[in-house]
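See below for the structure under consideration.
The values are calculated or read from the model by the stated rules, or taken from the named source; none is laboratory data. The model shown is predicted, which means the values in this text are computed figures rather than measured ones. Backbone-built Cβ (ideal geometry, glycine too); neighbour counts: all protein chains shown. Calculation scope for accessible area: heavy atoms of the full protein, side chains included, ligands and nucleic acids excluded. Shrake-Rupley method; radii C 1.70, N 1.55, O 1.52, S 1.80 Å.
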Amino acid sequence: MSAVVSLSNVHKSFGAVKVLDGVSFEVGRGEVAAVIGQSGSGKSTALRCINALETIEDGTISVCGHAVHDRKLDKRELRRDVGIVFQSYNLFPHLTAEQNIMLAPTCVKSLSKAKARELAREVLARVGLEAKADHYPEQLSGGQQQRVAIARSLAMQPKLMLFDEVTSALDPQLTGEVLKVMEDLARGGMTMILVTHEMAFARKVASKVIYMHKGKVWETGPGAMLENPQTEELKAFVGSGL
Amino acid sequence: MSAVVSLSNVHKSFGAVKVLDGVSFEVGRGEVAAVIGQSGSGKSTALRCINALETIEDGTISVCGHAVHDRKLDKRELRRDVGIVFQSYNLFPHLTAEQNIMLAPTCVKSLSKAKARELAREVLARVGLEAKADHYPEQLSGGQQQRVAIARSLAMQPKLMLFDEVTSALDPQLTGEVLKVMEDLARGGMTMILVTHEMAFARKVASKVIYMHKGKVWETGPGAMLENPQTEELKAFVGSGL
Amino acid sequence: MTYQFDFAVLLPFWREFAMGVWLTLQLSLISTVLGFILGTLCAIGRADGPPWVKFLVATYVEIIRNTPLLVQVFIVYFGIATLGIHVSANLAAVLALVVNVGAYTSEIVRAGLESIHKSQLEAAECLGLSRPQTYWHVIVRPAIERVYPALTSQYVLLMLASSITSQISAEELTAVANRIQSDTFRSFETYIVVGVLYLALSFVVRLAFWLFGLVVFVRRRKLGTAL
Amino acid sequence: DTLDEIKKRGKILIAVDLGSPPFGMNDANMQPTGSDVESAKLIAADLGFPLEIVQVTSPNRIPFLLTGKADLVMASFSVTDERKKVIDFSDPYGVIQIVVAAPKSVAVKDLKDLVGKRLGTTRGSSNDKEATTQAQGAEMVRYDDDATLITALVSGQVNIMASSPQVMAAVNARRPNDPLEIKLVLKTNPYAAGLRKGDDALREAVNKVIATNLKNGKLNEIYTRYNGTSLPEDMLK
Amino acid sequence: MPTFTLTHFEFLCWAALWTVGLSAIAFVGGGIVGFLVALARVSPSPVVRGIAIGYIQIVQGTPLLILLFLFYFGIAIVGFKEVPAILSAGLGLTIYASGFLAEIWRGCIESVPKTQWEAAECLSLSRWQRMTKVVLPQAMRIATAPTVGFLVQIVKNTSLASVVGFIELSQAGKLVNNSIFEPFTIFIVVASIYFVLCYPLSTWSRSLERKLNVGRR
Ligand SMILES: Nc1ncnc2c1ncn2[C@@H]1O[C@H](COP(=O)(O)OP(=O)(O)OP(=O)(O)O)[C@@H](O)[C@H]1O
Ligand SMILES: Nc1ncnc2c1ncn2[C@@H]1O[C@H](COP(=O)(O)OP(=O)(O)OP(=O)(O)O)[C@@H](O)[C@H]1O
Ligand SMILES: [Mg+2]
Ligand SMILES: [Mg+2]
């Protein structure tokens, strides 16, 4: 089984609202999957389930060999393998960029301060922010904050990265900066799942596109499927989304 | 001298920032002057100086016969003659629409409650809001709030009305409601100065357009001047603004 | 007004005043540190503990906040004696002050904890931080930074309130004042002097907190945000 | 002067410390009682004025008098030279000893044995002053009033006291198992009513009443009733 | 040996009435003085503002105990000899409360946006009219919760009036203890009475605060 992530018949509700209604898909090693769909279709929830931020009611989720649906799951082990980046950055405001990045390696992997600092410089360089190591989040632009957040995840050397609309709070120029970093990652062979509204980006980078609608996976296929939608819903969505 | 408002070589700084750098213009009785210009060019500040909300460092301002630059100016007398409406409405949240309007006539002009109420109904009718007299600001839409703010100024029967971007917080439909009221006022012969981003409205209503740039009056002329800008700056501004 | 003021009478007592100031400072410092620890633990317990801890802390906070410190001091001093434990007045004073200020601290810190957004917690969780690590690095520290000004005010009030412990024989500043005024019969002058000393003390305490804040909250220093 | 003022006012204000049994305290119905209270009633009656009792504690007795909140202080107010500098005293109407008392188990033979021991007393009282000067090296534990001192002794917060035998009696009534006993007598002080300096007319009047009532035994009766012993012979003549 | 009886409880309850009375005096007096100080604190004149700041600093930087002593003896020194304890204790507490209430209310006044002041100014309202018709009505809504909260502090702090001989609840507790010597029982009862007085106020204050926050959202 070469699938890094595999969801099978996943169900999830918030109260009376059915948010995931039998979702199944697989993402293989080195693949870049783009999840698209209307607001409220359950994209974020699916991502959060993969990272065990939400518990599911039915179905199975396997991520890098961890059985995420299992109640006995060791979440901390799972999260050594999975990095996630949110739309709202969620940097720690009281720590500098560098300290934000160093926190997890020192706490979780027990790296020495010096080693962790070295690592931080390295990942900051990868996102093009060596110069901002000592800046606090509020001193950085949105795009820079988002890149620090990506660097923070990268520092844990995850096998899988999840991105939830990481560019939708940014203006076009800042969006460009962040997308560039993600493209680099994709080229470097990182397995990635990204929820995105950037159709152009999805088409360019994604090896697999997952279209969600009303809590279901409505259509799956390669990037090219966006040019030739099979269902009415995707047709409407792509028509409006571009 | 038929000028209701006349500014001559007005200077004003905030700390080290020069905001008004020798501003001069005149507005005659019954004229409608539109002040346009980029963000930060000093439009609002000029308006606030006319109403003595800011003190100036140099130059003279005469408004309806009051020497506004004079330290001994009786501000309350000035403000009986000048009404101002802000972008953010600034209605009093603890009073109903009617009470908002009645406040100044009863306090300042010592009108009886009954007279003031009659007056309030009258001006509310002029802005098309008779039905909303008993509503509190938070029960009104943005456009309705803005119209109540205009009515509140009108109730003092000012000789001059100042409007500072009164529509920029509103969506197009609400903007239309407010602009209609202002058009009516202009037709009624009210002297008005309006800071606005609505070029189309300026062109249609204004008898005089004042283009400000970097704290200076860059160009002045009739509404038609917008079709035929003399300076590079106005050309660029009109080009982008439309 | 026929009263003749005479502050010179108090001069020979400067050593006593100084001793009183010293004990007041000691009482305040110790109760501040211990009260802070107790209060922070309670706040965490109330925000994130099992139901019985929540209930316990809530009860503790409500009882303390709705009864006078004076009565609490008496209950501690005579209450634990009734149980057969005999402690010095200073220890009893510290105990009462800690119990008192712990409740107030817990309410302040709780407000700070609640102001930390849930997404911060999730971010730490997703980085694989354990619960205690998350608490320390991501929640407690920024929360305290946020409520630091409120805490400062509370601990200045604590310093002032420590005057009550003169009632159970702690020889702090107010006790010294009471003794000196009955020696010199210059009550008005004595209390004026002591009032001024307390004002100076509260200034010193505020200053100390400000300096401490500069050292501990690096970000505020670097960004120049007021404490 | 004060006597005129009393006449004008139509009542006399006498300060009594209700926190120092048996001189001043509350009975089971929370009414003021004690030898000072009864003496004050007697003196007020003989002076011919209705009495109003003003409550004081030992540290604030003198300020009360000096600031005119009371005309007369009758609060087991020992006559000392220092106090005489600031206020006047009437003739004594009682005596009070300053003693060091401790349980049997504590060995105290002379002042040296007190070094390093904790000695409970009432802040600002003459007991406080006497013990502080005589028992050098002892640690003084001062409470605001006798009531708190007694509570502290009964609850065992302190074990040795420098106060009056009357306080000791009050303590012993509440700790029958391990009673205190008198170890040292530091001083025997006559106590008297305190007045503002220069209130000579009032002092004369009060002195006359005290002399009469010492002679007719009424004051001694009151003293004996509350203190368990009678006044010294030489005061009664 | 007498024990704690209904008589004593009754005595304590009567004393609690004095606590309530003293609190009322402190609250009303402190409210009036505090209101004036709060107005002075936001006055346009730097001198008036400075005096108000100084007053608040001094009151907030001195222990209530010392304030009470100062007033108790100070009043007599300036010549009012027969002022009853309740008045001088009331005065001390009034000054104390005014210092804190002034600061609370200043915060509420300043939390009314500056644009409201400007709007009122532009309608030609006088400074007094701006304050009373526009700012205060808005500030008052914000002020209720912290004010009620501070009322709890006042009720509790009247216990310190015992040190100047005023017989309120705490002093009554001491007196009862004096005659029956059950410190633990008595002070627990005393604490309970305070709790009964204060708890409803705290709860009320908190519910007001919640309502306000909901309203703002
Ligand atoms: N914690 C929650 N409690 C209740 N309902 C929730 C919660 N989180 C999400 N939902 C609901 O679940 C549905 C799906 O949410 P989800 O965030 O997964 O959508 P999405 O596809 O990510 O949309 P968007 O593009 O707007 O982010 C929505 O209707 C949302 O209101
Ligand atoms: N109270 C103030 N203190 C300091 N600087 C100010 C203040 N008010 C305005 N400024 C500065 O003065 C300049 C001019 O401001 P002004 O509000 O007059 O511009 P404007 O033309 O109205 O712009 P906009 O279209 O954005 O409203 C700006 O650079 C602004 O930052
Ligand atoms: Mg989403
Ligand atoms: Mg503007």
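Quick notes on this structure:
- In summary, D:Val108 fulfils each of the numbered conditions (1) hydrophobic (A, V, I, L, M, F, W, C); (2) more than 30 Å from D:Gln55 (Cβ to Cβ); (3) modelled with pLDDT of 90 or more with the single exception of condition (3).
- Taken as a whole, the structure leaves B:Arg80 outside the set of residues that are within 15 Å of ligand 4 (Cβ to nearest atom), within 25 Å of B:Lys208 (Cα to Cα) and assigned to a helix (DSSP H, G or I).
- The lone criterion from (1) at pLDDT below 85; (2) buried (at least 22 other Cβ atoms within 10 Å of the Cβ); (3) more than 16 Å from ligand 3 (Cβ to nearest atom) left unmet by A:Thr167 is number (3).
- Every residue from region E:5-45 that is within 30 Å of E:Ser111 (Cβ to Cβ), polar (S, T, N, Q) and crowded, with 20+ Cβ neighbours inside 10 Å: E:Ser23
- Of residues in region C:96-112 being open to solvent by less than 10 Å² (accessible area, probe 1.4 Å) and of a type in the set (A, V, I, L, M, F, W, C), the one farthest from A:Ile84 (Cα to Cα): C:Ala96
- Unique residue being without any contact (Cβ under 8 Å) to a residue 40 or more places away in the chain, within 16 Å of the chain's Cα centre (by Cα) and open to solvent by 40 Å² or more (accessible area, probe 1.4 Å) when the list is C:Ser115, C:Ser88, C:Ser153: C:Ser153
- Among residues of region C:206-222 being within 14 Å of chain A (Cβ to nearest Cβ) and among the aliphatic types (A, V, I, L, M), the one that is nearest to C:Leu157 (Cα to Cα) is C:Val216.
- Among the strands (runs of 3 or more DSSP E) confined to region A:185-229, there are none with at least 1 residues that are within 16 Å of ligand 4 (Cβ to nearest atom) and either within 14 Å of chain C (Cβ to nearest Cβ) or farther than 18 Å from A:Ser41 by Cα (or both).
- Taken over region A:71-98, the residue count meeting the criterion of being polar (S, T, N, Q) and either crowded, with 22+ Cβ neighbours inside 10 Å or at pLDDT 95 or above (or both) is 2.
- Residues within region B:104-123 that are within 14 Å of another protein chain (Cβ to nearest Cβ) and either assigned to a loop (DSSP other than H, G, I, E, B) or touching a Leu at 6+ places or on another chain (Cβ under 9 Å) (or both), tallied: 10
- E:Glu168 fulfils the conditions (1) free of Cβ contacts under 8 Å to residues at least 40 places away in the same chain; (2) of a type in the set (D, E, K, R); (3) more than 7 Å from every other protein chain (Cβ to nearest Cβ) except for a single criterion, (1).
- Qualifying residue in region C:162-175 (condition: away from chain D (no Cβ under 14 Å) and touching a helix residue (DSSP H, G or I) at 6+ places or on another chain (Cβ under 7 Å)): yes
- Each residue in region B:124-170 was checked for being in a loop (DSSP other than H, G, I, E, B) and within 16 Å of ligand 2 (Cβ to nearest atom), and 6 pass.
- Residue tally, condition open to solvent by 50 Å² or more (accessible area, probe 1.4 Å), outside any loop (DSSP other than H, G, I, E, B) and away from ligand 1 (no atom under 15 Å from the Cβ), over region A:9-44: 3
- Checking region E:136-145 against the condition returns a match, with at least one residue being farther than 30 Å from D:Asn60 by Cβ and within 14 Å of chain C (Cβ to nearest Cβ).
- Subset tally (residues that are outside any strand (DSSP E or B), touching a Leu at 6+ places or on another chain (Cβ under 8 Å), of a type outside the set (Asp, Glu) and touching a residue at least 40 places away in the same chain (Cβ under 8 Å)) for region D:172-219: 11
- Qualifying positions in region E:146-165 - within 9 Å of another protein chain (Cβ to nearest Cβ) and under 19 Å from the mean Cα position of the chain (by Cα): E:Val152, E:Val155, E:Lys156, E:Asn157, E:Thr158, E:Ser159, E:Leu160, E:Ser162, E:Val163, E:Val164
- Check on B:Gln145, away from ligand 3 (no atom under 16 Å from the Cβ), free of Cβ contacts under 8 Å to residues at least 24 places away in the same chain and not hydroxyl-bearing (Ser, Thr, Tyr): no
- Subset of region E:1-32 (residues that are within 28 Å of E:Leu87 (Cβ to Cβ) and within 10 Å of chain D (Cβ to nearest Cβ)): E:His8, E:Glu10, E:Phe11, E:Leu12, E:Trp14, E:Ala15
- Comparison of D:Pro59, D:Pro21 shows that the only residue that is within 21 Å of E:Tyr72 (Cβ to Cβ), within 12 Å of chain E (Cβ to nearest Cβ) and under 17 Å from the mean Cα position of the chain (by Cα) is D:Pro59.
- The single condition from (1) at pLDDT below 90; (2) over 18 Å from B:Gly83 (Cβ atoms); (3) surrounded by 13 or more Cβ atoms within 10 Å (Cβ to Cβ) that B:Pro222 fails is (3).
- Figure legend. Inter-residue proximity from region A:49-73: first residues of a type in the set (Asp, Glu), second residues crowded, with 17+ Cβ neighbours inside 10 Å, beta-carbon distance below 7 Å, spacing 6+ or different chains. Indicated pairs: A:Glu54/A:Lys12; A:Glu54/A:Thr45; A:Glu54/A:Arg48; A:Glu57/A:Lys12.
- Test: residue in region C:184-196 that is within 14 Å of chain D (Cβ to nearest Cβ), on the phi > 0 side of the Ramachandran plot and open to solvent by 10 Å² or more (accessible area, probe 1.4 Å): yes
- Checklist (1) away from ligand 4 (no atom under 16 Å from the Cβ); (2) in contact with a helix residue (DSSP H, G or I) (Cβ under 9 Å, 6 or more places away or on another chain) applied to B:Asp164, failing item: (1)
- Evaluation of E:Val189 against (1) in a helix (DSSP H, G or I); (2) farther than 25 Å from E:Gln60 by Cβ; (3) within 9 Å of another protein chain (Cβ to nearest Cβ) (one fails), failing number: (3)
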